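> One structure, pasted below without further comment.
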């Protein structure tokens, strides 16, 4: 597979380490009333779609960027690649 | 006389003669020959025995689709089984042997299988060797393996090497026939980066095998000129002897270049083969087509081959398989073979054409509407029997028979991404379907354009379209004049009512076997394949699949497209495993990491151990020490008595800087770091988000906004990745910068009561180095040895007064020598990883065995470290009920009741008197060693309720190794439980 | 002045030089390295400061630039600065002072071994080592890539001169891989 890195262009998937669903960005608030339940869902409940899937890849053999890659799990077609940091900020994560 | 079947002309170099041996007999051929063409020139048609019935077989094809003529090539360690004689390039001194025969190819004892064939029909093994099951491994399988099978391996290490490589191009052209050449010329002239790959050693495809003129010259001359033009273009890479093995995701192709297979031995330091990964923007499949046979009674005798292959031998290699040749065809193409044979003066005894309306021949007889009903000749064809349209029988004498059932486009690569081919009734063949791999186009015969004219035009047109996509302008095509005859073909797959009409000659599958499979309700074509083995093995059914499908369709009353094809998968042709290994074998299997003191340790005679990729000194034997324990015990005792030095560079080191560095560490460690003063180091435990311990180490605060974090050796890479995840994905607005500095610093542990005295001699005088000035857990940036920058940490893994000192790695070698010199007066010892392990077990420090992916902070005895006042990775889920039960596993120590007994790691713990089973398991031992300080074996591990059971005598069991004795539950801190030494 | 004697990444007193065919492979030990990473919110200032320090603009992604003091891009807002070791042994602490808080600086001199390959036909060598599109390099490219399973920086000074930075502890394995590829390709 080739991942079209938003900064570096197409790079072989062999340079990357796969982690899983990009929902891992949305880490719950530890002080929420139902934090334990939220963290349990965050850690263990994952979609397993046949088709489009947003997932996290780490460019370990490159610039050490975490990427959010939108990939079709059936055809492997990749339709979008973004820096995870940009996605995280867009989804409201800060510090 | 040698080479009795050699004709005039051809693309061989008659100025040189090559000697070779086949089954011990000497022969001669010429450069340009394959092993098969050279053997045929010498009137050798019999080249192998079949897989199952040991039937005599000769070459059926002139290419990589060959099912029969497979041999063991070369001898000794280079012996390679299952090599196709039809593609093996002849070289001087080549040695080949036939396979699957004993004692000889002409007389094969297991030929008896052929007489027993009624018992060996499809599914025979499945049905027969079912029972008793225990006989399978010992009796049936070895017996079957001896009787059936292909070549044998050398059982010696491969003396050759294989490279891997990476290529980039705008356009990959797969196949160097007329379509591929036209496309490559077009794209090359337009300036695109082009790779043109062909499995053959001479590009040109069928242009080399046919007599058609191209642009007024012989086809192969035009091809050679085209290749020469391409070779002159700097943007074009022409790769002969290169097979495209597979089409992978996103334009990535696998290719195998046979760099040295045509040489007796590769040149010095040169690889035998290179496995290329080709990154392409576009690919054009121009892989041509493969002729398919017609099945009829005894259609497998040596001398019976595909009609197009006969043309290849006659025209390209100037060889006729026999002096009298007959043709069996369902299309006009077969007539071409007869014409070409006649042109070279070979006698054509008859053309049997299944079509009643077949065209007339020139100077040869055509039996219109005829079929072949049988053949004769035990070790080679001597004649055929034909039934004429009016029902009459004819016996025709011939030494070779060319068979043509039409041509199948080579669609395999179009299906590697899950696509399925589509049926084209005009040529009665499958052509590429609509779902091609992204950015792949197909041209020429591979796309069903079966004429030379069609190949040139579709190839050039496909290239033009690709150039448009690339934004390159192409000059108007200037394509050569070439043959454009119509494809006249009436589908005909097999002669009915044959007893043994071979469909798949490599797997000895007959038309009857296919029918039997249908009778037994194997409906899916994939099941047909597995049940009959049709289409398996080295040729993957390239010549047999179509007939199998057609017969299946016929007996099932379906159309061929309704039956469909089996899935095509990479590799396209068989590939040596060595090519996939590349250079990563033996001692080069993976890179080695050496510590900064490696050279010095080697001088000291250290014994090394692999820790991940690292080579670390395991112990340092002294003269006279004969057992490793002697060395390790000495290193431990001397360190605890005086002082020892150990290279600990392998621990991961990560530089963490930024205004939010302390907050960041608060998130990744379960314990707090915000209040750690500058100049101090703290132990940190890192949890996974699920609350399980991930790694541990220390963080030293060098400045308000600057920490150095250490990780365990094994987890350095994973922890860095995790920290980048936390930084980029979870807290993207933290001001934190990370970089690994593991290799930048050579770090040595100096441990033991005399550690301070030793280091005082090394650390420069202007640093307060007293116990008060530099207490336990202090850290500082200092200078040593008169001004070299260094880092000093007062941390202890051994439990002794200990420091870790780091200097720039280039000075690591000098530093350990300096430490040993300075420590001479204290009888300093270097110690290795074994002594390091013993001392940490004696001290009860957790390591990888305890942080084993199942344990929590609570299990490790650090439950209270998990701060509830802040957010950290894993803190919430570590509060889960199931991880916090009253009798949770806790880290404790164990001593044997009988002090002579060991406490092996991995042993399980059982309450005295209870049953020994999983339900009564009380825990397990994780780390164990012989403690020279306690004079007995000790262990640490996890026990339900932990310290509450201190003093209890408990059973240590290991049913696997027969261990069953008693140990006492004690504190895991065997040495200095109060920690007085390390604060001394 | 201290009396400690440095050894090379390959473990010898002097750097190693190997020649094969048109190519010379040299172990380079006189390079000081320091990573420079912009502080959050100071990215523009860090880039400007680095540009001033180098005398050329801070390199874009996958590029190298500069002369005596050069730098190559490592990651978003992160660069590696190269300088002669003889004159810049304290490169990291010097840069940290000059940065004035706009960037974090970390000493990297001895984290890496450096091998330079000079001569014709370097693309033939590197295409057997790594997936980088070396044949298209014209000079000024700097990519992180994998060579013999090792994460390396490949710096193209000119098409006839490349530098390879690899993990110092694996200098022997990297050197072996480079030499094998040179002998295979030429």
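> With viscosity set to 1.002 mPa s at 20 °C, what whole-number translational diffusion coefficient in µm²/s follows for the stretch B:240-375 from Stokes-Einstein and a Kirkwood radius over Cα pairs?
So the translational diffusion coefficient is about 118 µm²/s.
> Considering all alpha-carbon pairs of the stretch C:75-118, what whole percent are spaced by more than 14 angstrom?
55
> Across peptide B:806-814, how many C-beta atoms of other chains are within 10 Å of each residue C-beta, on average?
That average works out to 6.
> For chain A, what mean projected area does the convex hull of the alpha carbons give, in nm²? Display every interim value, and only then the final one.
Details: hull surface 26.4 nm².
Approximately 6.6 nm², given one-decimal rounding.
> Give the relative contact order (percent, whole number) for chain B; include only Cα pairs under 8 Å separated by 6+ residues.
Value for chain B: 9 percent.
> In 5 Å bins starting at 0, how do the alpha-carbon pair distances of the stretch B:594-723 split up by percent?
Here the calculated profile for the stretch B:594-723 is 2, 10, 16, 16, 14, 12, 12, 10, 5, 2, 1, 0.
> Now for a different question. Give the angle, between 0 and 90 degrees and rounded to the nearest 10, that separates the Cα long axis of helix B:812-822 from the longest principal axis of the Cα atoms of chain B.
With rounding to tens, the tilt is 30 degrees.
> What is the Cα radius of gyration of the stretch C:31-107 over 2.2 N^0.38 Å, N being its residue count? All intermediate terms of the calculation are to be shown ahead of the outcome.
Working: Rg = 10.9 Å, N = 77, 2.2 N^0.38 = 11.5 Å.
It is 0.95.
> Moving to a separate point now. Could you compute how fast the stretch B:523-648 diffuses translationally, taking Rh as the Kirkwood radius over C-alpha pairs and applying Stokes-Einstein at 25 °C with viscosity 0.890 mPa s? Give it in µm² per second.
On the way: Rh = 20.7 Å.
Roughly 119 µm²/s, to the nearest whole number.
> Taking a quarter of the surface of the convex hull around the Cα atoms of the stretch B:936-979, what do you get in nm²?
Convex hull of Cα atoms, orientation-averaged projection: 3.9 nm².
> Okay, moving on. Going by Cα centres, the stretch B:837-872 and the stretch B:882-934 are how many Å apart?
Cα centroid to Cα centroid, the span is 17 Å.
> Sticking with this one: Using alpha carbons only, how many angstrom separate the centre of the stretch C:28-70 from the centre of the stretch B:87-115?
67
> Continuing with this model, one more query. Provide a whole-number value for the mean count of partner chain Cβ atoms within 10 Å of the Cβ atoms in peptide A:10-17.
Neighbouring Cβ atoms belonging to other protein chains average 5 per residue here.
> Find the percent of Cα-Cα distances in the stretch C:6-154 that exceed 24 Å, and round it to a whole number.
When every Cα pair of the stretch C:6-154 is considered, 36 percent fall beyond 24 Å.
> Could you please state, rounded to a whole Å, how far the C-alpha centre of the stretch B:646-683 is from the C-alpha centre of the stretch B:476-507?
73
> Output the Cα-based Rg and Dmax of the stretch B:737-799 in Å, rounding Rg to one decimal and Dmax to a whole number.
12.5, 38
> Hey, what D do you get for chain B in µm²/s if you plug the Kirkwood alpha-carbon radius into Stokes-Einstein at 25 °C and 0.890 mPa s?
72
> Would you calculate the volume per residue, in Å³, of the smallest convex hull containing every Cα atom of the stretch B:889-972?
Once divided by residue count, the hull of the stretch B:889-972 is 81 Å³.
> Also, I was wondering about something else. Could you calculate, for the protein assembly as shown, the ratio of the Cα radius of gyration to the Kirkwood radius, expressed as Rg to Rh?
Using only Cα positions, Rg/Rh for the protein assembly as shown is 1.04.
> How high is the relative contact order of the stretch C:31-107, in percent, counting Cα pairs under 8 Å that sit 6 or more residues apart?
Contact order relative to length: 42 percent.
> In addition: Two decimals is fine: what is log10 I(q)/I(0) at q = 0.09, 0.11, 0.15 Å⁻¹ for the stretch B:391-545, from a Debye sum with one equal scatterer on every Cα and no solvent?
Calculated log10 I(q)/I(0) at the listed q: -0.44, -0.63, -1.00.
> What is the percent of Cα-Cα separations in the stretch B:549-611 that go past 16 Å?
72
> Could I ask something else about it? One-quarter of the Cα convex hull surface for the stretch B:394-486, in nm²?
Quarter of the Cα hull surface area: 9.4 nm².
> Two decimals is fine: what's Rg over Rh for the stretch B:265-311, C-alpha atoms, Kirkwood radius as Rh?
Working: Rg = 19.4 Å, Rh = 15.9 Å.
The Rg/Rh ratio comes out at 1.22.
> Could you work out the helix-only [θ] at 222 nm for chain B, with each DSSP H run of four or more residues adding -39,500 (n - 2.57) and the total divided by the number of residues, to the nearest 500 deg cm²/dmol?
Helix-only estimate at 222 nm: -5500 deg cm²/dmol.
> Please tell me the relative contact order of chain A in percent, rounded to the nearest whole number, where contacts are Cα pairs under 8 Å and at least six residues apart.
Normalised by residue count, the contact order of chain A is 27 percent.
Since every read-out is calculated from the coordinates, none of them should be taken as a lab result. What you see is a predicted model, and the numbers here were worked out from it, not measured in a lab. Please note: Cβ atoms are built from the backbone with ideal geometry, for glycine as well, and neighbour counts cover all protein chains shown.
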